[in-house]
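I have placed the structure first, in the form of structure tokens, so that the comments after it can refer back to it.
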Amino acid sequence: MAATPIAVVTGASSGIGAATARQLASAGYRVVLTARRKDRIEALAAEINEAGHQATAYALDVTDRAAVDEFATAFHSLAVLVNNAGGALGADPVATGDPADWRQMYETNVIGTLNVTQALLPALTESGDGTIVILSSTAGLSTYEGGGGYVAAKHGEHVLAETLRLEIVGTPVRVIEVAPGMVRTEEFATTRFRGDTEKAAKVYAGVDAPLTADDVADTITWAVTRPSHVNIDLLVVRPRAQASNTKVHRTT
């Protein structure tokens, strides 16, 4: 009997990461959940296992390279890596943005993705059929006012995916980039505005049906489960109400 394929999901404590872990588990993967919040991923792993699937929790900060390298020693062979850990901080213009916010976003979105990808690439290659998913954003493809730091980080992540795909062509590893537009999750905008729920709510005000975490997880799972010879280089997914980063239809 073939071993159950393993999928690692970073940033799995909430939102898109948690939804992706649930859907990949339902698709037949043994999911390894990583995030800094140990209690959250342990609760999610228990939920997935109770549903009859397979999940393990591992507390991990993707910006800590030594910790990432230690985590990677657990894997000789790996089927899927979903680089989901990331996030936004602030919405200040370039002229007054806090360099510490820019640095933190770059460290989490770009260096974190680099750390985990480098550490697990040998196991993904060893599997003979590996898949790397990089969850970027439409912010990685075009810009908008007040988004300079986040946009810069997501452009970096987008270029990381493009470059890696060029460099490992001919190996048995796919590189898939999924770039969501407006997604309403329980934490993204609230974290961006440092707990200001009123500001966070205004992001989605009047928008008919923003994407949900499950919508994006469904997109990721579809891309991952395509036949091995099929690579979804870049998949942009937005709600119908959003035509671009700066063009959103609002009813109010």
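The values are calculated or read from the model by the stated rules, or taken from the named source; none is laboratory data. Remember, predicted model here, so these are calculated numbers, not experimental data. Backbone-built Cβ (ideal geometry, glycine too); neighbour counts: all protein chains shown. These accessible areas exclude ligands, DNA and RNA; they are computed on the full protein's heavy atoms, side chains included. Shrake-Rupley method; radii C 1.70, N 1.55, O 1.52, S 1.80 Å.
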Note down all Cβ pairs under 7 Å where the first residue falls in the range 191-212 and is farther than 17 Å from Lys247 by Cβ, the second is part of a loop (DSSP other than H, G, I, E, B) and of a type outside the set (A, V, I, L, M, F, W, C), and they're at least six residues apart or on different chains. Thr191/Gly87; Arg192/Gly90; Thr212/Arg184
Any residue at all in the range 216-233 that is touching a Leu at 6+ places or on another chain (Cβ under 9 Å) and free of Cβ contacts under 8 Å to residues at least 12 places away in the same chain? yes
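Of the residues Glu167, Glu187, only one is modelled with pLDDT under 95 and acidic (Asp, Glu); which? Give the derivation first.
Numbers: Glu167 fails: modelled with pLDDT under 95.
Result: Glu187 is the single residue among Glu167, Glu187 that is modelled with pLDDT under 95 and acidic (Asp, Glu).
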Give me the helices (runs of 4 or more DSSP H) completely within the range 128-214, filtered to those with at least 3 residues that are among the aliphatic types (A, V, I, L, M) and open to solvent by less than 20 Å² (accessible area, probe 1.4 Å), ordered by residue number. 148-167
Considering only residues that are under 15 Å from Gln118 (Cβ atoms), surrounded by fewer than 20 Cβ atoms within 10 Å (Cβ to Cβ) and not acidic (Asp, Glu), which ones fall in the range 64-86? Arg65, Ala66, Ala67, Ala72, Thr73, Phe75
When you scan the range 1-19, how many residues do you find that are without any contact (Cβ under 8 Å) to a residue 40 or more places away in the chain and buried (at least 24 other Cβ atoms within 10 Å of the Cβ)? 1
Kindly indicate whether Asn109 is of a type outside the set (Val, Ile, Thr), at pLDDT 95 or above and within 17 Å of Gln23 (Cβ to Cβ). no
Does any residue in the range 130-148 that is in contact (Cβ under 8 Å) with a residue 24 or more places away in the chain come within less than 6 Å, Cβ to Cβ, of a residue that is surrounded by fewer than 24 Cβ atoms within 10 Å (Cβ to Cβ) and of a type in the set (Ser, Thr, Tyr) six or more places away or on a different chain, and which pairs are these? Tyr144/Thr246
Identify all residues within the range 190-203 that are modelled with pLDDT of 85 or more and under 29 Å from Val159 (Cβ atoms); write none if there are none. Val203
Determine, yes or no, whether Asn245 is touching a Phe, Trp or Tyr at 6+ places or on another chain (Cβ under 6 Å) and farther than 21 Å from Arg22 by Cα. yes
Tally time: how many residues in the range 103-127 are farther than 17 Å from Thr73 by Cα and open to solvent by 20 Å² or more (accessible area, probe 1.4 Å)? 6
Scan the range 220-228 and give yes if some residue there is in contact with a strand residue (DSSP E or B) (Cβ under 7 Å, 6 or more places away or on another chain), within 24 Å of Ala25 (Cβ to Cβ) and part of a loop (DSSP other than H, G, I, E, B), otherwise no. no
Taking the condition of being small (Gly, Ala, Ser) and not in a loop (DSSP other than H, G, I, E, B), how many residues in the range 1-15 meet it? 2
Of all residues in the range 112-129, count the ones that are among the polar types (S, T, N, Q), out of contact with any Gly (no Cβ under 9 Å at 6 or more places or on another chain) and touching a residue at least 24 places away in the same chain (Cβ under 8 Å). 4
Looking at the range 20-60 only, could you name the residues that are surrounded by fewer than 17 Cβ atoms within 10 Å (Cβ to Cβ), under 19 Å from the mean Cα position of the chain (by Cα) and of a type in the set (S, T, N, Q)? Ser26
